[in-house]
Amino acid sequence: MSEEVTITIDDQSIKTQRGEKLLWVALENNIFIPHLCAIKDESRPNASCRLCFVEIEGQDKPVTACSKEVENAMVVKTRSPHIDRLVKTGFELILSDHNLKCRECPANRDCALQMIAKKRGLKLKCDRFKPLEREYELDDSPAEFAFDRSRCVLCGQCVWADRVEAEIGAIGFTGRGINRVVTTFKDLPLADSICTECKLCVDACPVGALYYKHNQKA
Amino acid sequence: MSKNNPQKLYEDIKKKAQNMFKSRQEKPLVMVGTATCGLAAGAMQVKEDFLREIKDKGLDAEVIEVGCIGHCYAEPLAIIAKPGFSPVCYGYLDEGLVHRLVEDFLAGDDPSYEYAMAALERNDEFPTFEDFPRGVYEEKLILEHCGFSDFSKIESYIAWDGYSALAKALSDEPGHVLEEVKNANLRGRGGAGFPAGVKWEACLKNGGEEKYVICNGDEGDPGAFMDRSVLESDPHLVIEGMIICAYAIGARQGYLYIRAEYPRAVEHTLKAIEQAREKGLLGNSILGTDFSFDLDVFQGSGAFICGEATALVNSMEGKIGMPESRPPRLVQRGFRARPTVLNNVKTFAYVPLIINKGADWFKSIGTDESPGTAVFSLVGKINNTGLVEVPMGISLRQLIEEVGDGLPEGCEFKAVQIGGPSGGCLPESSLDVPIDFDSLHEAGAIMGSGGLVVMDQEDCMVSVARYFLEFTQHESCGKCTFCRLGTKHMLDILTDITRGEGDLETLQLLKELGEDVRDGSLCNLGRTAPNPVLTTLRYFYEEYKAHVEEGRCPALVCRDLILYYIKPAKCSKLCNVCVGSCPTEAIYTREDGLKAIDQDKCVKCDNCRKACPTEYDAVLRLSPPVLPGEKERKVK
């Protein structure tokens, strides 16, 4: 069924397979597109972080690259005033609900948010929006790792690792709206849940929300 | 292809239904409107009163329940049909009036026209609903039988030619049925206006044995009750439309997704389904043909987001009611991963009419691009609240002033909010916009599901925007960044503005954030949530400016920007009413006997202003919240 197609991303001509998702085609060709929630093996993308906006010739509004299937002769731009504006706002919204004490964070210098900021020239500060300043729960019950929700960006990478890769199902999303959170059944501490502490979720976390205690700073 | 002739089978069913109703026509019939609007106004008591009075007088008359006729402002309502008279509708019923009507009209022969609203048939004695100013504009297609039909009996629907469109469709090729709906350019009445025929065709083309037809009855907009009324008052119309759709696309199973907060709609629909099955109009071998289709009701649990197509399907599958990115669309991959047609209650309700009267008839009503009618629930500062059906293309002005009979005395038009929390607020200058999908979109509002709220000078547009955003923010599922966090920040900013905090930059930020939430969100809840904010910023910018620059709420609504003040020149020593009305004992009597308010104790509940007799009108709201004395001091 696979059919070779040629697309253009930022003036670069790329050969790929029809039906592939644009985000992964770009990333595999070393073209950076900001993203947090995208999972390559997931057939129906989450499309929830709303950072991977691109523009496609012939379409008037930016679309998310993670959910867009490539078609032959597609012409894609990863930067434009409209894209940059949406990415900036989306990024700042995430930061407004994120612990910005990077120096205390185990993921400092190895963080998807820092990477996006660097690549797109965005500040790791919350200027336009007031930080939400909520009470975030810390779960350090597992022996080797901990979960600090003040750094969680709700990307869902840990949930995928837990459910699909580890096949455990200890964690998932609960709560609606602003109260959406990753947690265990009945909100038990991880150590009291069915979690096997396989740590695949820790490896999947793109920020410092799930981290190894031996990496903890301060 | 059919074993039997469905038309012939249908004629038999119809004859039986009509015979059943013939006996009904021989004695007086009282029809009490007991849709949710009627119940809230006390219709059940009215029904009891009729039954008791009729029994007391030993009369032979029947009392039945019917749905909503749309004149909700005059509930409780009843229609009395007595042989020899045109049926007459009476409003504002109470025990005394019921007694009078039974004695004078049912027992005697005086229809008591002084209490009547309108007659239902043309006669020489009393005007009909068509003679009302709104009658000139109203064109009832899907609401035609709402409130006149006994929803508890399928025969009542059949006697009015109900299910004849199904019989006609079943005698034809499915392809022709689909073609007719497509030609009619029936646009989805859920709000987006996507052509139903095109959707059906796409679903059909995606093939497969298993397909589903789902009716979206998850109406959740504050102030909207069109779908509820249709399902409560005329459920068979929707069911017939769904069966025809199933026939056209070859589906065998369908569902009506109705929110659990509409218990009467659920009850009436379930009963209707059962009755249709008994008559062989639903289930196996419908009307003797080899076409089989069945329906079930799925009750939604009150999440606004579940009105969104993919979230609705997720919730039906037992998953969290959260939207998915599209494509794939439901017609490609819907319920149980099968091609699915999802249409609104009203969309399905038009289908039997289109099949019976043809696509050309349908297109002769309304505008070229938006044929047919629009159903609105009129609420807010308007005389005739209720349900109306008007042809597409009439202006908002005609709808408000003629159909809704304008604003109550003393109210001055300020804005109309159309399309619910996803819609926009339009000002006086937009009133001549014709009502159709495209014109409203251009003006910044949307047709939405049809809620229409009229607002006057006492409504603060910042508060209104804040109210709607509070709703969408609360109903956001939290999946995507823009809706989860964007609506939260918009709400926080709006709350600041209602407190007079912020500056022109705050307004600019609100606008930019609103535009980004509109462009960046995953589903239509997030994409349309900023509409009330963006339209009020566009049309009522001065009012926002007054809040942040002068700390003033021009409509005197925002509590942090007003204070209550008793004007000594107007207050009377002889009156104490306000003192007793105050829940916090903030009002005291001055040495000269006049009243005054202790600002530290006042909670701005508005009780004293309402209590102050109109001849004094001494309680004033001042904005910005500065007492007259302080103002002078400040000037010095």
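Using alpha carbon centroids, what distance separates segment B:406-433 and segment B:161-198, in Å?
33 Å
Pop out a list of residues from segment A:171-187 that are at least 50 Å² less accessible with all the protein chains around than in their chain alone; 1.4 Å probe, no ligands or nucleic acids counted.
Buried on complex formation: A:176, A:177, A:178, A:180.
Using the Kirkwood formula over every pair of different C-alpha atoms, what hydrodynamic radius in Å results for segment B:19-129?
Over segment B:19-129, the inverse of the mean reciprocal pair distance is 13.8 Å.
If segment B:110-178 were replaced by its equivalent ellipsoid, with semi-axes equal to the square roots of 5 times the Cα gyration tensor eigenvalues, what would those be, largest first, whole Å?
34, 16, 9
In segment A:125-169, which residues become less accessible by 30 Å² or more once every protein chain is in place, relative to the chain on its own, using a 1.4 Å probe?
Buried by the other chains: A:128, A:129, A:130, A:132, A:154.
Of A:98, B:474, which has the most accessible area and how do the rest follow, probe 1.4 Å?
Working: A:98 30, B:474 125 Å².
Ranked list, largest accessible area first: B:474, A:98.
Classify segment B:162-363 as rounded, prolate or oblate, taking a ≥ b ≥ c as the square roots of the eigenvalues of its Cα gyration tensor: rounded when a/c is under 1.5, otherwise prolate if a/b is larger than b/c and oblate if not.
rounded
Which trypsin sites (Lys or Arg not before Pro) in segment B:80-182 pass both tests, a DSSP loop state and at most 11 other beta-carbon atoms within 10 Å?
Passing both the DSSP loop test and the Cβ count: B:122.
Calculate the all-directions average of the projected area of segment B:259-389's alpha-carbon convex hull, and give it in nm².
Mean shadow area of the hull around the Cα atoms is 11.5 nm².
Suppose R0 equals 41 Å. What FRET efficiency, 1/(1 + (r/R0)^6) with r the Cβ-Cβ distance, do residue A:61 and residue B:606 give to the nearest 0.05? Don't skip to the end; give the middle numbers.
Numbers: r = 45 Å, r/R0 = 1.09.
Between residue A:61 and residue B:606 the formula returns 0.35.
Averaging over every viewing direction, what projected area does the convex hull of the Cα atoms of chain A cover, in nm²? Intermediate values should be presented prior to the final figure.
Details: hull surface 52.9 nm².
The orientation-averaged projected area of the Cα hull of chain A comes to 13.2 nm².
Could you work out the relative contact order of chain B? I mean the mean sequence separation of Cα pairs under 8 Å and 6+ apart, divided by the number of residues, in percent.
Answer for chain B is 11 percent.
Out of segment A:141-218, which GluC sites (Glu not before Pro) are coil in DSSP terms and have no more than 13 other C-beta atoms within 10 Å?
Of the GluC sites (Glu not before Pro), the ones in loops of segment A:141-218 whose Cβ has at most 13 other Cβ atoms within 10 Å are A:144, A:167.
What lysines could a cross-link reach from residue B:610, if we take a straight Cα to Cα line under 16 Å and drop same-chain neighbours fewer than 8 places away?
Partners found: B:567, B:570, B:595.
What figure in square angstrom, to the nearest 10, would you give for the accessible area of residue B:541 with a 1.4 Å probe?
That residue has around 90 Å² of solvent-accessible surface.
Let me check against my output: what whole-number percent is the relative contact order of segment A:19-168, with C-alpha pairs under 8 Å and at least 6 apart?
21 percent
Straight-line reach from residue A:77: which lysines have a Cα under 20 Å away, not including same-chain ones fewer than 8 places off?
Output for residue A:77: A:15, A:21, A:61, A:68, A:88, A:118, A:119.
At 25 °C and 0.890 mPa s, grab the translational diffusion coefficient of segment B:562-635 from Stokes-Einstein with a Kirkwood Rh over Cα pairs, rounded to a whole number in µm² per second.
197 µm²/s
From the gyration tensor of the Cα coordinates in segment B:462-550, what semi-axes in whole Å does the equivalent ellipsoid have, largest first, with each one equal to sqrt(5λ)?
Result for segment B:462-550: semi-axes of 22, 12, 11 Å.
Hey, if we sort B:145, B:99 by accessible area with the 1.4 Å probe, largest down, what's the order?
So, going from the largest accessible area down, we get B:99, B:145.
Go from 0 up to the bin containing the longest alpha carbon distance in segment A:77-194, width 10 Å each, and give me the % of pairs per bin.
11, 38, 34, 15, 2
Once you put a point 7 Å from the Cα of residue A:191 and another 7 Å from the Cα of residue B:192, both along the Cβ direction, what distance in nm separates them?
That separation, rounded to one decimal, is 4.9 nm.
Let me make sure I get this right: for segment A:66-124, a, b and c are the square roots of the gyration tensor eigenvalues over alpha carbons, sorted descending. Under 1.5 in a/c it's rounded, otherwise prolate if a/b > b/c, else oblate. Which is it?
It comes out prolate by the Cα gyration axes.
Under 5 Å between amide H atoms, partner at least 5 residues away or on a different chain: which partners does residue B:394 have, H built in plane at 1.01 Å?
Here the answer is B:435, since their amide H atoms fall under 5 Å of that of residue B:394.
One quarter of the convex hull surface, Cα atoms only: what value does that give for the protein assembly as shown in nm²?
Its Cα hull, projected and averaged over all orientations, spans 44.6 nm².
Keeping the other protein chains in place, figure out the carbon and sulfur percent of the accessible area of chain A, with a 1.4 Å probe.
46 percent
If I fit a long axis through the Cα atoms of helix B:263-278 and take the longest principal axis of the Cα atoms of chain B, what angle between them do I get, 0 to 90°, rounded to 10?
So the inclination is approximately 0 degrees.
Once you sort the root eigenvalues of the Cα gyration tensor of segment B:499-605 as a ≥ b ≥ c, which label holds: rounded (a/c under 1.5), prolate (a/b larger than b/c) or oblate (the other case)?
Since a/c reaches 1.5 and a/b is larger than b/c, the shape of segment B:499-605 is classed as prolate.
Could you look at segment B:139-205 and say what percent of its accessible area is carbon and sulfur, using a 1.4 Å probe and all protein chains? Intermediate results must be reported in sequence, preceding the final value.
Values: 1220 of 2340 Å².
The value for segment B:139-205 is 52 percent carbon and sulfur by accessible area.
Give the aspartates and glutamates reachable from residue A:40 as a straight Cα distance under 14 Å; neighbours fewer than 8 places away on the same chain don't count.
A:20, A:28, A:69, A:165
Can you figure out the FRET efficiency of residue B:131 with residue A:216, using R₀ = 60 Å and their beta-carbon distance, to the nearest 0.05?
Numbers: r = 81 Å, r/R0 = 1.34.
So the FRET efficiency works out to roughly 0.15.
Along its principal axes, what span do the Cα atoms of segment B:8-62 show, with the longest given first and each in whole Å?
The Cα atoms of segment B:8-62 stretch 43, 30, 9 Å along the principal axes, largest first.
Normalised radius of gyration for chain B, please: alpha carbon Rg relative to 2.2 N^0.38 Å, two decimal places.
That ratio works out to 1.07.
Tell me the GluC sites (Glu not before Pro) within segment A:38-80 that lie in a loop according to DSSP and have at most 13 other beta-carbon atoms within 10 Å. Present the calculation step by step, with values, prior to reporting the outcome.
Values: sites: A:42, A:55, A:57, A:69, A:71; in loops: A:42, A:57, A:71.
Taking segment A:38-80 and a limit of 13 other Cβ atoms within 10 Å, the loop GluC sites (Glu not before Pro) found are A:57, A:71.
To the nearest Å, what is the center-to-center distance of segment B:304-334 and segment B:203-218, using C-alpha atoms only?
13 Å
For the pairing of chain A with chain B, what total accessible surface becomes buried, with a 1.4 angstrom probe, in square angstrom to the nearest 100?
Protein heavy atoms only, the A-B interface buries about 2800 Å².
How much of the calculated P(r) for segment A:1-88 lies past 21 Å, in percent of all Cα pairs?
Working: 859 of 3828 pairs.
That fraction is 22 percent.
Calculate, for segment B:305-464, the solvent-accessible area per residue in square angstrom, rolling a 1.4 angstrom probe over the heavy atoms of the protein chains.
In whole numbers, segment B:305-464 has 31 Å² accessible per residue.
Kindly flag which residue pairs out of B:16/B:279; B:27/B:357; B:15/B:153 have an alpha-carbon separation exceeding 21 Å in this structure.
Distance filter (> 21 Å) returns B:27/B:357.
The values are calculated or read from the model by the stated rules, or taken from the named source; none is laboratory data. Just so you know, these numbers come straight off a predicted model, no measurement behind them. Counting neighbours? That spans all protein chains shown, and the Cβs are built from the backbone with ideal geometry, glycine included. All accessible areas refer to the heavy atoms of the entire protein, side chains included, with ligands and DNA or RNA removed. Shrake-Rupley method; radii C 1.70, N 1.55, O 1.52, S 1.80 Å.
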